[in-house]
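See below for the structure under consideration.
The values are calculated or read from the model by the stated rules, or taken from the named source; none is laboratory data. None of the values given here were measured: they were computed from a predicted structure. As a convention, Cβ positions derive from the backbone with ideal geometry for all residues, glycine included, and neighbour counts pool all protein chains shown. Surface areas here come from the heavy atoms of the whole protein model, side chains and all, with no ligands, DNA or RNA. Shrake-Rupley method; radii C 1.70, N 1.55, O 1.52, S 1.80 Å.
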Amino acid sequence: MTRDQALFQFLLRLGDSTLILSHRVSEWCGHAPVIEEDIALANTALDLIGQTQFWLELAGEVEGKGRSADDLAYLRDVWDFRNLLLVERPNGDFGKTLMRQFLFDAFQSLMLGKLLKSSDKRVADIAEKASKEVAYHVERSAGTVVGLGDGTPQSHTRMQAALDDLYPYVGEMFVSDAVDAVLIKVGIAPDPASLRADWDALVGRVMQDATLDIPKDAFTHKGGKTGTHTEHLGYILADMQFLQRAYPGAEW
Amino acid sequence: MSNEWPLWEIFIRGQHGMSHRHVGSLHAPDAEMAIKNARDVYTRRNEGVSIWVVEAVHIAASSPDEKGPLYEPSNSKVYRHPSFFDIPDDVGAM
Amino acid sequence: MYAQMVKTAGTGVKTPDEMSDQERAFQARIDAGEKIEPRDWMPDDYRATLIRQIGQHAHSEIVGQLPEGNWITRAPTLERKAILLAKVQDEAGHGLYLYSACETLGVSRDELIEMLHAGKMKYSSIFNYPTLNWADIGAVGWLVDGAAIMNQVQLQKTSYGPYARAMVRICKEESFHQRQGYSIMMKMAFGNAAQKAMAQDALNRLWFPSLMMFGPPDKDSVHSTQSMAWRIKINTNDELRQRFVDQTMPQMKYLGLTCPDANVKWNEDKGGYDYSDPDWDEFFAVLRGNGPCNKDRMAARVKAWEDGEWVRDGLMAHAHKNKIKNAAQVAAE
């Protein structure tokens with residue numbers, strides 16, 4: 001695997017994860033529990049769309065086949081997507097959406113922190129911009145997880161159920177493979193496995209404040225980063241890509 | 001209904017060393033969330049660098065009936081306004 | 001117009017002789033262009049009418065998120081998706097500003113929301129029409145926001161201070177909404193045959209409902225006089241509707257689309273377009289709940305509210321616990 005082939009895969013992992021998560025979060029628009037949360041979720045989704053545009057544009061550039069960010073988002077099929085399985089999980093209730101958001105935000109903030117020092121300036125520049133947004137995302141999602149975990153008995157029960165349900169999708173974030181090995185060597189990206197300890201510490205603190213128990217069973221679902229997805233992604237793409245597929249070549 | 005999130009008044013300082021200005025209200029369970037909500041609701045277009053939140057019930061206000069006694073006396077103190085003083089043009093900007 | 005058919009409280013405009021001293025002084029302030037502020041004395045009917053009008057306006061913003069929100073996940077490019085999401089988010093913000101203005105009149109936001117859900121308050125009829133193809137998102141921005149802006153620009157001068165200030169903020173933020181709609185319409189109208197057909201289809205379906213946004217004709221508009229005397233309504237329904245048609249027709253011509261009203265014609269004498277009235281029976285049917293989407297819209301709002309209850313209660317309970325904890329800490333020190 002060449003450096004650029006690895007970098008292309010890595011950028012798809014970043015950009016596809018933010019794309020699919022933004023899609024899920026945007027499903028809440030107009031349906032959140034209270035107007036202030038509706039607006040806040042839309043801000044998060046907007047940030048994620050913006051980050052997607054940067055990551056996928058760079059991915060297209062690195063690939064060198066003239067594909068734009070839109071081409072990559074709208075004209076690939078499921079097996080070409082490289083997002084984490086975590087972000088394609090259905091929204092569930094508001095608590096599960098915020099739990100998924102926090103688990104991802106915690107990872108993304110650590111990853112971006114390392115990417116600030118990437119040997120590839122283009123990657124470092126995008127990380128610089130995105131890390132400011134994500135610093136706020138993680139603060140907000142952590143606060144909500146704590147508030148709901150330590151809220152009423154009902155909200156506590158729902159948040160514990162959300163954490164139990166999503167936790168098996170956490171491990172995939174820290175899996176290293178051949179793609180990572182190439183990028184670690186040239187100093188473009190960190191070893192995902194090296195982020196685990198800090199992530200555990202951060203998530204541990206928040207879950208303690210939230211009075212929630214982190215599941216002991218460490219089973220890990222994986223496959224998203226290499227293109228083996230759950231059934232949910234197909235429906236997301238059917239929705240997202242409908243116009244581009246139904247009217248090929250049209251300008252919008 | 002008793003569980004409604006309290007109302008907060010939001011004050012935001014714009015970019016240029018201005019004082020905080022009342023921009024509107026919102027609901028939040030506590031001050032911390034009120035600040036976060038204010039960031040999301042009232043700075044969507046980069047409107048601010050600093051946010052104050054005050055729970056609406058804690059704002060004491062003058063009564064509209066006292067408008068006369070409170071504000072009219074200052075109407076007679078026109079010398080407080082710079083335009084009261086005639087300065088010759090030759091003096092330059094002052 | 002997001003507040004249409006607002007029933008004015010009271011018995012009609014009083015002559016100065018019929019007014020109490022307080023009412024006379026109040027009317028004099030309004031006539032002098034002064035703003036009425038929350039703690040000022042105001043007639044009960046003025047307050048009640050404002051709650052209805054601002055509340056209806058706020059509900060319209062929130063329900064209005066739904067028809068456009070319907071296309072967020074299907075927007076055809078990443079940029080269009082971001083713009084649409086930002087725009088629908090703005091509607092939520094505008095709802096929030098308006099609810100806040102309404103709250104200064106002594107009614108809580110939760111009370112207003114529950115009145116909406118109980119069918120005791122209304123929202124604009126336009127949001128009971130569906131968005132069926134992507135050009136609808138263009139047409140909503142161009143026509144629906146265009147009509148709303150026409151009304152809201154006037155309302156910046158309304159007599160109630162908090163309402164006027166909310167309108168100023170909303171108008172400032174909305175300036176991009178109509179343009180983004182028109183920019184979609186241009187892409188569609190100048191695009192391939194299918195896109196052009198979508199643009200025409202959207203216009204065909206949304207033209208008359210947009211005209212309905214201004215409310216029934218002046219001759220049937222029984223509540224206007226008092227509201228205009230109070231300056232919570234500035235222009236008549238027909239004035240605004242005429243202005244809207246006059247503004248929109250050249251824009252439609254530029255797009256090369258055909259107006260679904262065959263009778264639209266420039267009238268040199270009046271310096272404006274002649275046009276056909278929308279079907280007012282349909283308008284009243286939609287208001288009564290029989291529009292194509294009334295049930296879906298209300299079901300979505302009620303579901304969001306009910307599903308969200310545990311979240312609102314949970315966060316409130318946590319805040320309450322913290323307060324007690326902090327108070328105990330202070331007491332211990």
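Among the residues making up segment B:1-46, those that are more than 12 Å from chain C (Cβ to nearest Cβ) and closer than 22 Å to C:His318 by Cα are B:Ile35, B:Arg39. With respect to C:Met19, is the statement that it is open to solvent by 20 Å² or more (accessible area, probe 1.4 Å) and either under 18 Å from C:Met228 (Cα atoms) or under 16 Å from the mean Cα position of the chain (by Cα) (or both) true? The answer is yes for C:Met19. State whether one or more residues within segment C:227-235 are open to solvent by 30 Å² or more (accessible area, probe 1.4 Å) and either modelled with pLDDT of 95 or more or on the phi > 0 side of the Ramachandran plot (or both). Within segment C:227-235 (the criterion being open to solvent by 30 Å² or more (accessible area, probe 1.4 Å) and either modelled with pLDDT of 95 or more or on the phi > 0 side of the Ramachandran plot (or both)), the answer is yes, since at least one residue qualifies.
Entry remark, segment C:288-304: residues being open to solvent by less than 30 Å² (accessible area, probe 1.4 Å) and hydrophobic (A, V, I, L, M, F, W, C) number 3 in total. Only residues that are facing chain C (nearest Cβ under 9 Å) and either within 21 Å of the chain's Cα centre (by Cα) or of a type in the set (Gly, Ala, Ser) (or both) were counted in segment A:144-161, giving 7.
When restricted to residues that are open to solvent by 30 Å² or more (accessible area, probe 1.4 Å) and more than 9 Å from chain C (Cβ to nearest Cβ), segment A:29-55 contains 2.
Of the candidates C:Asp45, C:Asp110, the single residue that is more than 17 Å from C:Ile126 (Cβ to Cβ), assigned to a helix (DSSP H, G or I), within 11 Å of chain A (Cβ to nearest Cβ) and open to solvent by 10 Å² or more (accessible area, probe 1.4 Å) is C:Asp110.
Within the span defined as segment A:208-229, every residue fails to be part of a helix (DSSP H, G or I), of a type in the set (Val, Ile, Thr) and either within 14 Å of another protein chain (Cβ to nearest Cβ) or touching an Asp or Glu at 6+ places or on another chain (Cβ under 6 Å) (or both).
For segment A:43-78, a tally of residues being within 20 Å of A:Ser109 (Cβ to Cβ) and of a type in the set (Gly, Ala, Ser) returns 2. The helices (runs of 4 or more DSSP H) falling completely within segment C:245-333 that include 1 or more residues that are of a type in the set (Val, Ile, Thr) map to C:294-307, C:309-332. Looking at the structure I just gave you, is C:Val311 touching a residue at least 12 places away in the same chain (Cβ under 8 Å), β-branched (Val, Ile, Thr), within 13 Å of chain A (Cβ to nearest Cβ) and open to solvent by less than 50 Å² (accessible area, probe 1.4 Å)? For C:Val311, the condition - touching a residue at least 12 places away in the same chain (Cβ under 8 Å), β-branched (Val, Ile, Thr), within 13 Å of chain A (Cβ to nearest Cβ) and open to solvent by less than 50 Å² (accessible area, probe 1.4 Å) - is not met.
Taken together, the residues in segment B:1-30 that are surrounded by fewer than 16 Cβ atoms within 10 Å (Cβ to Cβ) and aliphatic (A, V, I, L, M) amount to 2.
Would segment C:258-275 turn up any residue that is within 18 Å of the chain's Cα centre (by Cα) and at pLDDT 95 or above? Checked against the condition, which is being within 18 Å of the chain's Cα centre (by Cα) and at pLDDT 95 or above, segment C:258-275 yields no hits at all. Looking at segment A:1-22, can you tell me whether even one residue there is more than 11 Å from chain C (Cβ to nearest Cβ) and modelled with pLDDT under 95? Yes - at least one qualifying residue is present in segment A:1-22. Of the residues making up segment A:231-252, those that are buried (at least 16 other Cβ atoms within 10 Å of the Cβ) and not in a helix (DSSP H, G or I) are A:Gln241, A:Tyr247, A:Ala250, A:Trp252.
Does C:Ser221 satisfy the condition of being of a type in the set (Ser, Thr, Tyr) and surrounded by 18 or more Cβ atoms within 10 Å (Cβ to Cβ)? Yes. All told, A:Asp105 falls short of being assigned to a helix (DSSP H, G or I) and over 17 Å from the mean Cα position of the chain (by Cα).
When only residues in segment C:76-93 that are open to solvent by less than 10 Å² (accessible area, probe 1.4 Å) and more than 8 Å from every other protein chain (Cβ to nearest Cβ) count, which is nearest to C:Arg301 (Cα to Cα)? Taking the candidates together, the pick is C:Glu91.
Against the list (1) buried (at least 19 other Cβ atoms within 10 Å of the Cβ); (2) more than 18 Å from C:Ala92 (Cα to Cα); (3) within 14 Å of chain A (Cβ to nearest Cβ), the condition C:Ile137 fails is (2). For the residues C:Arg52, C:Arg39, the requirement of being among the basic types (Lys, Arg) and without any contact (Cβ under 8 Å) to a residue 60 or more places away in the chain singles out C:Arg39. Against the definition (on the phi < 0 side of the Ramachandran plot, in a helix (DSSP H, G or I), in contact with a Gly (Cβ under 6 Å, 6 or more places away or on another chain) and open to solvent by 20 Å² or more (accessible area, probe 1.4 Å)), how does A:Arg205 come out, yes or no? Spelling it out, it is not the case that A:Arg205 is on the phi < 0 side of the Ramachandran plot, in a helix (DSSP H, G or I), in contact with a Gly (Cβ under 6 Å, 6 or more places away or on another chain) and open to solvent by 20 Å² or more (accessible area, probe 1.4 Å).
Yes or no, residue by residue, for (1) farther than 24 Å from A:Lys222 by Cβ; (2) touching a helix residue (DSSP H, G or I) at 6+ places or on another chain (Cβ under 6 Å); (3) touching a residue at least 40 places away in the same chain (Cβ under 8 Å):
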position: A:Lys96; (1), (2), (3): no, yes, yes
position: A:Ser141; (1), (2), (3): no, yes, yes
position: A:Val146; (1), (2), (3): yes, yes, yes
position: A:Pro168; (1), (2), (3): no, no, yes
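Within segment A:98-122, no residue that is open to solvent by 20 Å² or more (accessible area, probe 1.4 Å) sits with its Cβ atom under 8 Å from a residue that is of a type in the set (Ser, Thr, Tyr) and not in a helix (DSSP H, G or I) at 6+ positions apart or across chains. Confirm whether A:Ile39 is closer than 28 Å to C:Gly64 by Cα, of a type in the set (Val, Ile, Thr) and in contact with an Asp or Glu (Cβ under 8 Å, 6 or more places away or on another chain). Yes; evaluated as a whole, the condition is true for this residue.
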